[in-house]
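Working notes for the structure below.
The values are calculated or read from the model by the stated rules, or taken from the named source; none is laboratory data. Fair warning: this is a prediction, and the values are worked out from it, not measured in the lab. Cβ coordinates were reconstructed from backbone atoms using ideal geometry, including for glycine residues, and neighbour counts include every protein chain displayed. To get the accessible areas, we keep the full protein, side chains included, count just its heavy atoms, and leave off ligands, DNA and RNA. Shrake-Rupley method; radii C 1.70, N 1.55, O 1.52, S 1.80 Å.
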Amino acid sequence: AVLVGVLIGLLGFGLAVQVRSNTSTSGLPAARQEDLVRILDDLSSREDRLRRQIAELEAARARLSSAGDTSSTALQEARTRSEALGILAGTVAAQGPGVVLTITDPDHRLAAEDLLDTVEELRAAGAEAIQVGGVRIGLDSSFTAADTGIAVDGVAVTVPYTILAIGDPPTLATAMGIPGGVADTAKRAGGEARTEERQQVVIHAVRPVKSPHYSRPTN
């Protein structure tokens, strides 16, 4: 119950931060009406998604509270949650609907932070699994400058940059076209960001499971 409560709190906090971030985005006063409508639809979709996640967590808590055989019910809930967290952490392969984003950069003007911003925008739009080039993105992924251009977790990625993301295709595609976002950044650099919606995106890359160096479970 405590874990469910913490997760619900984190989801609510994430929604608040995202709404605040989008309301303070530079360039909105000069955006076209259709762009503002797209941004509003994107925010509404994110809110609906977070509310569904909260409802699922509350339903899981209710099942655990009312089940006669709490041990087996808790074990099943733990297995289901483990599979979901494995996808979010990047430790298992994933497939599902999503988008394929291709970013061209003929003059090599895009920087590591531009790719990081792209990943953050996909995450904010609800992407559940992301792969950049051949690297699975996790909570501790790093984007750095390299001799060949940009490296993700120490692995060089080449132009054009290909990003796979699993999530709601229309929502992810809309997020990529928001004014001041990925498409505008690529265009200013002399390139282009093309988003293709697909009903089946397969992400094969996985992240290794790291053993903690300092933490250990309590009795």
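Brief remarks on what is shown
- Trypsin sites (Lys or Arg not before Pro) restricted to the range 190-219 and DSSP loop, no more than 16 other C-beta within 10 Å: Lys210
- From phi via Karplus (6.51, -1.76, 1.60), per-residue ³J(HN,Hα) for the range 203-219 in Hz, x at Gly/Pro: 10, 8, 5, 10, 9, x, 7, 8, 7, x, 8, 10, 9, 8, x, 8, 6
- Heavy atoms of Ile166 accessible to a 1.4 Å probe, total area in Å² rounded to 10: 10 Å²
- Val100-Thr162 pseudo-label distance in nm [points 7 Å out on the Cα-to-Cβ vector]: 0.7 nm
- The rule of thumb for compact globular proteins, 2.2 N^0.38 Å, goes into the C-alpha radius of gyration of the range 161-217 1.65 times.
- Under the combined filter of DSSP loop state and at most 16 neighbouring Cβ atoms within 10 Å, the range 113-219 retains these chymotrypsin sites (Phe, Trp or Tyr not before Pro): Tyr214.
- Remark: the range 104-197 projects, on average over all directions, an area of 5.3 nm² (convex hull of Cα atoms).
- What the phi angles of the range 105-116 give under the Karplus curve with 6.51, -1.76 and 1.60, with θ = phi - 60°, is a coupling list of 8, x, 9, 6, 9, 6, 10, 4, 5, 5, 5, 4 Hz, glycine and proline written as x.
- Protein-only accessible surface at a 1.4 angstrom probe places the residues Ser211, Ser142 in the order Ser211, Ser142, largest first.
- Between Ser211 and Glu56, the simple spin-label model (points 7 angstrom out along Cα→Cβ) gives 3.2 nm.
- Sorting Val209, Val135 by solvent-accessible area of protein heavy atoms yields Val209, Val135, largest first, with a 1.4 Å probe.
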